[in-house]
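Participant: Can you keep this structure in mind? I'll have questions shortly.
The values are calculated or read from the model by the stated rules, or taken from the named source; none is laboratory data. Quick caveat: nothing in here was measured; it's all calculated off a predicted structure. Positions of Cβ are backbone-derived with ideal geometry, glycine not excepted, and every protein chain shown enters the neighbour counts.
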Amino acid sequence: MSKIEDVLINTEEGIKIELFYKKSKGSAFNVTTDLSTLKEDKRKDYSKITFIMRPMVWGLYNRLQREAIVEGGTPNERIDWSLYKERKIFASIMGWDVTDKNDVPVPVTPEMIMKLHPVMVETLLNTYDSYSFLGENDSKKS
């Protein structure tokens with residue numbers, strides 16, 4: 001018999017995701033989740049940002065999809081995937097270790113999230129999906 005604490009997800013306990021990034025020429029960004037894939041002399045060029053993400057649960061999963069439904073089109077075209085990803089990132093980030101030039105913590109707001117580089121957000125979402133659907137240990141193997 002299953003225990004309730006074994007099947008329900010604790011949504012108060014966030015998922016910690018660390019990204020390593022380097023701002024390149026212009027507005028280009030390099031982002032990785034694993035510095036060990038880089039040559040040792042290149043690793044020092046990367047900074048780290050830590051995100052605390054809300055665990056994905058069935059209710060949130062369904063709500064995000066419903067909020068991204070658009071009228072018209074075929075059943076396969078009913079979800080606006082850009083809107084889905086935007087809603088997902090807003091709903092998922094519980095916290096981060098971002099500070100301003102005076103080391104004052106920057107609050108997580110939709111406005112601040114929208115200012116992140118697209119490569120950083122896509123990497124974060126892909127990593128979040130791996131943790132959410134594979135689990136931390138299995139996502140590191142893939």
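Participant: Within the range 1-22, can you find the residues that are surrounded by 13 or more Cβ atoms within 10 Å (Cβ to Cβ) and either closer than 15 Å to Pro118 by Cβ or over 23 Å from the mean Cα position of the chain (by Cα) (or both)?
Facilitator: Answer for the range 1-22, where residues must be surrounded by 13 or more Cβ atoms within 10 Å (Cβ to Cβ) and either closer than 15 Å to Pro118 by Cβ or over 23 Å from the mean Cα position of the chain (by Cα) (or both): Leu19, Tyr21.
Participant: How about the range 29-72: which of its residues are aliphatic (A, V, I, L, M) and farther than 24 Å from Glu12 by Cα?
Facilitator: Let us first name the residues in the range 29-72 that are aliphatic (A, V, I, L, M), namely 31, 35, 38, 49, 52-53, 56-57, 60, 64, 68-70.
Result: Val31, Leu35, Leu38, Ala68, Ile69, Val70.
Participant: Moving on. Could you list all residues from the range 33-49 that are assigned to a strand (DSSP E or B) and buried (at least 16 other Cβ atoms within 10 Å of the Cβ)? If you could, list the steps in order and put the result at the bottom.
Facilitator: First, the residues of the range 33-49 that are assigned to a strand (DSSP E or B): 47-49.
If the condition is that a residue be assigned to a strand (DSSP E or B) and buried (at least 16 other Cβ atoms within 10 Å of the Cβ), then Ile49 is the only one that fits.
Participant: Any idea which of (1) surrounded by fewer than 16 Cβ atoms within 10 Å (Cβ to Cβ); (2) touching a residue at least 12 places away in the same chain (Cβ under 8 Å); (3) out of contact with any helix residue (DSSP H, G or I) (no Cβ under 7 Å at 6 or more places or on another chain) is the one Ile52 doesn't satisfy?
Facilitator: Condition (1) is where Ile52 drops out.
Participant: Considering Gly59, Gly72, which residue is at pLDDT below 95 and assigned to a helix (DSSP H, G or I)? Explain how you work it out, then say what you get.
Facilitator: Working: Gly72 fails: assigned to a helix (DSSP H, G or I).
Gly59 is the lone residue from the list that is at pLDDT below 95 and assigned to a helix (DSSP H, G or I).
Participant: Give the residue, chosen from Lys101, Lys48, that is in contact with an Asp or Glu (Cβ under 7 Å, 6 or more places away or on another chain) and of a type outside the set (A, V, I, L, M). Give the derivation first.
Facilitator: Values: Lys101 fails: in contact with an Asp or Glu (Cβ under 7 Å, 6 or more places away or on another chain).
After ruling out the rest, the residue left standing is Lys48.
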